[in-house]
Each structure stands twice: as structure tokens, then as C-alpha cells.
1. Can you compute the modelled spin-label distance between residue B:281 and residue B:600, with each label point 7 Å from Cα toward Cβ, in nm?
2. Rg and Dmax in Å for segment A:68-206, alpha carbons only: what are they?
3. Counting only C-alpha contacts under 8 Å and six or more residues apart, can you give the relative contact order of chain B as a whole percent?
4. Taking the mean number of other Cβ atoms within 10 Å as a proxy for protection, how do you rank A:80-89, A:118-127, B:408-417 from highest to lowest?
5. Evaluate the Debye formula for segment A:13-101 with equal point scatterers sitting on the alpha carbons, no solvent, and hand back log10 of I(q)/I(0) at q = 0.12 Å⁻¹, in q order, two decimals.
6. Given R₀ = 56 Å, what would the calculated FRET efficiency be for residue B:52 paired with residue A:76, taking r from the Cβ atoms and rounding to 0.05?
7. For q values of 0.11, 0.17, 0.21 Å⁻¹, compute log₁₀ I(q)/I(0) with the Debye formula on a Cα-only model of segment B:301-448, without solvent.
8. Can you give me the C-alpha center-to-center distance between segment B:497-571 and segment B:365-428, rounded to a whole angstrom?
């Protein structure tokens, strides 16, 4: 199976599900995402119940703290990275390995840009005195956005590993499901960020 | 890695290495079984110490502080580290066979799930030797546990975090296995009930464990890294823990009891020698219980003060669960009704289970009545209720299945005679222990107290309860004796040990070869083995494919390395609040080991290996003699 040399004509329509292992990975990543949704739901609920809660005389509130322009740029970076991962999957279905690698590298770069801005944002908050241990609100904020950030880091390491490990191997039915699962995961991270942008930043600025 | 080499007698070191690296679902089942039995024994011993302390009033057999540790570790261990792995043992051993699969969907993750569970459990138990075990109850309410001195709660949080990750991984694995790995013809509505309940139970794990993960994480950062989720002076709220814990904690009960229902749904038709009554309603009831299980968590919090509206909604939802559960009970009774019953040990457990579990269910409906719950809350009535559900439902299922599935798992049989003694001593001891606790609770004895004053009318009942607990202890010792005796007994080398097996697992000759089915079976109806037997098929199954090469996964040590990394990192986090200089480096080293192992796994191709036809035939001949599996 692994020795088979494909051409764009013989490459299956759904390479990610062409083998038993691929089908398992395909179902598996969706099932995993189901449980990750519940994880984020729990952290969101905790954040919402602790928003703006802190010791008497707490100086920070969501309405004053958040800066929408920065969050907007981060949102755009992450949404675009989701689009570029779609391009990579498009090329995967057409058996164009170079296209897959190129668009995945661009996805990683956009993800790194997002991560850099998030680190800057955290650094900025800590710098002005809104640290992790400062109030229940700050703990909840850093935990929610930080959990998402950790997911981004995991996604970046995952996709980077895929790009590196397959650079010499080329595209085959063994690694096509791996790319596909990583891209589904990346979309999921993106969707979660849309909720964070809405619930944390937009609703936060509204007060 | 040829099959002939596998069948050869191996040295001790090679055997240990084989079990450390195995990805075979049958060997992992053995590991789960051994680990689960070990923790069951530990937690049972803790229960005995508590009952000895409560045997007479004003006793000072154990100290108040140690009693708190005992009750916490008893509950935590029994639920997370004994019942769960024992059920996972049967799910691992039986589900792939029932659906006609060669292995689970993710054999590597199966192994990782076990090692995470085991090292998390080990970490939790190290607390006894390292400054004291957790002492805030298995529910570990934040308002109490946040201020518990020492490292007990830290062990609880980190140990459960690691073992919980293992459970979640195993749950995902079972769901995917049951969705994608079914043999041709094994449609969803032909799946045996144990496979169905394993699927629903795994789905509950999928949705219930993340809230626990989050709850434990919040507790971890609050206690070890100065966060303020539960600290009200900093704006925190301890009720968040109660919600997160019970959103997990209530489904956890169904995670455990649904596979137990499934096991009885396998045992009863075999020994009633009748098709399971109301199969589709059983499936429907399983799904409904799973769904409603998520709608009722706040019935553990009636006295928290959520208000009458919330209490009323959760009270009604809780009572609704009695309907699908009742459907199941009637279906079991109607399966037995008119059957040609063989009273073997597994069937004895099933017959004992029905009335015991119904009693536990009825007291559950009583507590669902919110106003009455204000009276019953935190009393021994609650203790009696959940032990009727857990011992009467889950433990009887596990003990019964030990006998029922032992021939498939180990190619040996447990002694029926000793098994009957075990059953009666355990069963009488169980009712003696817990029936009377209902009345202790109604008389006002609170749970979790380490002693009580004399002459409140509690003395005799507590004494009787303790005698019952000792009988249960004797029962467990007899069961373990039975297990050790079976090791010395003769291998069975037979098919369909009980003579009336119905589902695919009985169609295989024992010992089951490592690839399970030499040809994937074709399932032609419900109860496929029964069907084939009654059509006179000597081989027990129709095959869906000609004999060919079998693709099998490679063994791997990486799951153990990943788990060890987490184990090491947990020590760093544990000592972080003490301000020791090495805590952060240890966390980094531990997580580094984990990440490095994961990247190694990612970078290497793991294509598995093929077992060739001649090797299959050689294995079959070695296992079953000339002619192989005929």
C-alpha cells in the first residue's frame, strides 16, 4: 500500500479516508473535537461567571482593559490561517505535494503571528499590573485565552512536525490523513477564537 | 515478530517487556484487570478500616484525620481507579471480539490510556507515604479542599488529572472502534448490548471528563500557582467547583453502571437460554439514560441554595431517569421469564443484581424529591443509596463477569463451587452492611463522621453494618483465591465454554490468537454465533473474506515514556507552593520527556507488520493442534 506510486489521476478522491487507519483518524479527530468543545464550554462558563469579579477596589474591568484593534488583527491572522489550511487541503486532494507544504508553511507563519501578538498582549497586561493572581477575573481571563493559546501552540508544533517529517517522504495514503486531521483541528481552534473574540473582547468592551 | 515466536515460551524479562510495550487489546485488558483488582483491594481495605473504627461508639482505632484520608481515598479509588479500569478490562477484552475486529481503532492510544491511568493512580497513592493522603472527600469541595494543609489535595488533583486524561483517551478509542471497526453485517442494531453500552458509556466519558479536567485545573492553579477561582476574598466562587465536579460526577455514575447493565444483558440471555427481551428498547433506554445523565447534576446540590425553580427542574429530570432504567429491569425479568434457566455463578450475580439495584434506584427517586433531600442530605441514607447502586449494580456485574468471561480472557475457568460460596458470603454481607445504613441515616447519623456518641440508638446498627463489611471482605478474599487457583488449573482449549454463547466472542476457540479472527466474520443477524450454531455451522462463523495476510500494529514503549514524563512533571507542580528551587525545572523536564516522546512518535513511520498465511496456519496448529480452529 505504502509503496504504491500515485499520479493525480490514480490518487483517490478522499485520500484522508482511503485506508482503514485514515478512516479511524478522520472519525477520531472529530470525536476528540467533541470533547474539546466541552472543555472550552467549561472554561467559558467559568470566565463568564467570574468576569469583572475581584477584591474590593479592583482597578481593572473588562470594559477598560481590552483593546479591540489588537484583537481584531489577531482575529484576521487566525481566520486567514484557516483559509490557507483549506488551500493546503485542496492541493492534497489534487496530489500536489508542493502546494500542500507551501500553504501549510504559510498557515504556520500566520499562526506564529497570532501567537506573537497574544504573547505581547499578555505581557502588556502583566506589565500594567493585571497579573494572573491579581483577581478572580484575571485568573479566568488568562485561563480562557491561555487555554486557547496552548491549543494554538500544540497545533503549530503538530503542523510543523508534519511539514518536517514528510518533506522527504512526499504525499501518500499514510500521511494524507495526518494532514487532514491537523487541518480539522486548526479550523476548530479558529472557531473557538471566534467565540473568544465575541464573548471576551466584544462583550467585554460593551461592559 | 512472527506469530510462532509469540507462541514460544518466553523468559521473565521478555514477558515484562512484552506487557510494557503491548498494544494488543487482550493484553491491555489483563493489565487493566490486574491494576483494577489491586486498587479494588486497597480501597476495600480502607473501607474495612473505617468500618472497624465505626464498629463501636467512641472508638479510637484510627484518628479523625486519618479517617478523613481513608474515606476520601476509598471513594476516589473505588470510582476512578477500581471500577473504571475493571470495566475497561472487559471492554478491552470483549468489545473488539463482539464486533469481529482484529484490534481497536487506535492500539497505540489504547496503551497510552492504560499507562496514563496507571501512573496517575500510582501518583495518587504515593500520597500515603509522602506526607498524607487527600482528606476532603472524593468530591473535594473547594471551600474545604482549598484550605486543606499539606499536599494531600495536590496529589488528588494531579493524580486524577493524569489518570483522567488516560480515561478520556480510552473513551475516544472505544467510540471510534465501535463506529469504524465492525465486521461486515454487524449493523448498529445487531450489536450486542455490551458493545452498545460501551459505546454510550464512552460517549459519556467524552463529554463528562473535560469539565473534570477544567475543575481540577482550576483547583491546581488555585492551590499551587496563586490563582483565585475559588477564593471569595479575591472575587472567586466555590460553587463553580461544585458545578464542574457534578457535571462530571453525575454522568460518571452512568459511565460505570451502563457497561454493568451491558454485562448483565450478555449474561442473562446466555443462562436463560433465550434471546434478550426487547433488544431495541434496551438500546433506546441506554441512550436515554446517557442523555438524561447530563441533565441532572444539580440534584447533588439541592441544599447549595440554587433556588426552588432550579431544584424543581432537576428533581423532575432526575425522576425521569427511573423510566428508562425501569424499562431495562423489566426487559431483564422478561428475558428470564419462561427461560430454561441455568443457575451458574454469573447468573447468580445477575439474579442478585436485579433486586439490589432496584432498591438503590428507589432510594434514588426518594432523594430526587428536593424537599425530602433536605432531610436525607449528608446522612448515612445517602451512603446506603449509592452503595446499593455501586455494589449492587457495578460490583456484582464485575464479579459476575470475572466468572463469565474468564474462559475467553485466560483460557481457564474459575471454580463454580468456590464462586457460589463467594457470591452468598459477599451478597449477604453487602445487604447486612448497607441495608441498615438507610435507617441509621433516617435516625440522623451524618456521613463522613469518624466516631459517634453511645446510646443514640446507633450502636447496634453500626455493629451489624461492620460485621457485614467484614463478610464482604471475606467474599473478596475468596474471589482472589479463586483467581489464583485458576492459574494452576488446566487450560480449557475449547469454544463456547458455557455452551449457550450467543455473540461473536464465543465463536472463537480459546486461547484467542493475537489477531483474534483469522478471517473477518460475516454477521448474518442478531446473536450471530447462536444463529450459526443453530444452522449447524461447525466453525461457528461464516467468513467475509478468504484467508489472507493480516495487518497488525507494532508494539511500542512510547506510551509508557509519555506517561512517565507526566508523572515526573506532577512532582514538580506538587512541590511548587513550598517554594523549592527545583519545582519548575522538574516540571520542564517532565513535560519535555512527554513532548519529546510524542514528537518521536510523530516523526517515525509506524506501518505495523503483516502476518502471512503460513504463519497464521502455524499459529493455529500450535494453539489448537492439527486442523487449527475447526
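1. Simple spin-label model gives 5.5 nm for this pair.
2. Rg then Dmax for segment A:68-206, in Å: 16.7, 52.
3. Computed value for chain B: 17 percent relative contact order.
4. Values: A:80-89: 20.5, A:118-127: 14.5, B:408-417: 18.5.
Top of the packing list down: A:80-89, B:408-417, A:118-127.
5. -0.68
6. 0.25
7. Treating every Cα as an identical point scatterer, log10 I(q)/I(0) equals -0.53, -1.00, -1.26.
8. Between the Cα centre of segment B:497-571 and that of segment B:365-428, the gap is 29 Å.
Computed from the coordinates by the stated procedures, all read-outs in this text should not be read as laboratory data. Note that this is a predicted model, so its numbers are computed, not measured. With ideal geometry, Cβ positions are generated from the backbone for all residues, glycine too; neighbour counts draw on all protein chains shown.
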